[in-house]
Amino acid sequence: MKKILYRKFLTDCIIFFLVTLISTAVIIWIFQAVNYLDLIIEDGRDYIVYINYALLNFPKIISKILPFAFFFSFSYVIAKYELKNELLIYWNFGITKISFVNFFLIFSIFLLLFQIALTAFIVPKSQTLSRSIIRSSDYNFFDNFIKIKKFNSAVKKLTIYTESKDDKGNYNNIYIKKDTSKNNFQITYAKKGVFKNKNGIPVLELYNGENLNLNNEKITNFSFSKSEFNLSLFSPDTILVKKTQEHTTLELIECIINLTDTSIINKDKIKKKIRNCEANNLDNIVAEMYKRLGIPLFLPALMLIALLLIIYSKEKVNYSRYRTNIFLIGFFLIIFSESTIKFINESFFNNLVIFLIPIFTIIFLYTYFLIKFKES
């Protein structure tokens, strides 16, 4: 009978948790996906690139809102059971409150492992894939390159401007600047231009214009009646170097060891593998590790805070205020867990204390349960 009661309560909590998590994540994802439309509207990338990029950011959203959804769902279900006197059934069938706490504390540890797998492995992998899609994507909608009466430099080393566009798709008074090297460039002006596809290659055909080149401080120019400008030769203006959050957890651990262990002689090997593995970036690397492995440790503490609701009966005075205070404490802990990232620095002792905060919080709360149930 006890197993059935536990299964019923856990099932209700998980269903409510999943509904809260997925629905909230979808809403946030939709709002973010709208912002990602710039990948098509502004940069002219393919719709497939946009869809893949947006979908690969969904795991990151899940990892961010999971603690909130977890605490809200379990505290809500516990409060609902108490208000409907359903928790009395558990106590009457011989389930002690401390065994109830132990059961859900163990469950929260399994959820903790899932959250670590999500933040330490799945999210970095999805972020790497999403960024690689942008880095390797081509501009398939070339008409989006040219903005009427606006300088567009979405393409690396290339700036395009046009005064107007007619109904036939012809651009009037086109200005193109191409950077050929650090101090050298080419400027092309044409009275008319139109996009064409020649053998699968997008080309901007220019008519009645002039070409000006600056090369080694020497200026040359020539006029043309017709010229072709091949846009497929240019790459997107995106960051090519991996960000810290895009590296795998094992790479970051290897980088931290490389930067802190003075016995390692060949330090250049890991720096070639992780370009931002530098001493001045150590704070960010350790903070990223804490975000992946440290913050999830607050999940069992959030579970214990939600379970504080079983201590106080709804028959007692000020139960509503007590329940509200529990909600506020839980939300404060979620905000506090995220804000502790700002205190990560190069000090090993300081970082160790921050990593141990959730552990101490769990021990304190569980000790409080032991004392409280022993007294009762």
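Values as computed for the structure displayed
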{"read-out": "Residue satisfying all of: in the range 118-154; of a type in the set (Ser, Thr, Tyr) and at pLDDT 75 or above; nearest to Glu288 (Cα to Cα) among these", "value": "Thr119"}
{"read-out": "Members of the range 81-99 that are among the β-branched types (Val, Ile, Thr) and part of a helix (DSSP H, G or I)", "value": "Ile89, Ile98"}
{"read-out": "Failed criterion for Lys80 (all others in (1) over 20 Å from Ser23 (Cβ atoms); (2) free of Cβ contacts under 8 Å to residues at least 24 places away in the same chain; (3) of a type outside the set (A, V, I, L, M, F, W, C) hold)", "value": "(1)"}
{"read-out": "Flag for Leu299 being within 22 Å of the chain's Cα centre (by Cα), touching a residue at least 12 places away in the same chain (Cβ under 8 Å), closer than 16 Å to Phe104 by Cα and open to solvent by less than 20 Å² (accessible area, probe 1.4 Å)", "value": "yes"}
{"read-out": "Members of the range 16-32 found to be within 14 Å of Phe68 (Cα to Cα) and surrounded by 12 or more Cβ atoms within 10 Å (Cβ to Cβ), listed by number", "value": "Phe16, Phe17, Leu18, Val19, Thr20, Leu21, Ile22, Thr24, Ala25, Ile28"}
{"read-out": "Those helices (runs of 4 or more DSSP H) lying entirely in the range 275-376 with at least 1 residues closer than 23 Å to Cys255 by Cβ, in contact with a Gly (Cβ under 6 Å, 6 or more places away or on another chain) and among the charged types (D, E, K, R)", "value": "none"}
{"read-out": "Restricting the range 44-57 to residues that are buried (at least 19 other Cβ atoms within 10 Å of the Cβ) and in a helix (DSSP H, G or I), the residue that is farthest from the chain's Cα centre (by Cα)", "value": "Val49"}
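The values are calculated or read from the model by the stated rules, or taken from the named source; none is laboratory data. Since the structure is predicted, the reported quantities are computational estimates derived from the model, not experimental observations. Cβ coordinates were reconstructed from backbone atoms using ideal geometry, including for glycine residues, and neighbour counts include every protein chain displayed. Heads up: the accessible areas ignore ligands, DNA and RNA and are worked out on the full protein's heavy atoms, side chains in. Shrake-Rupley method; radii C 1.70, N 1.55, O 1.52, S 1.80 Å.
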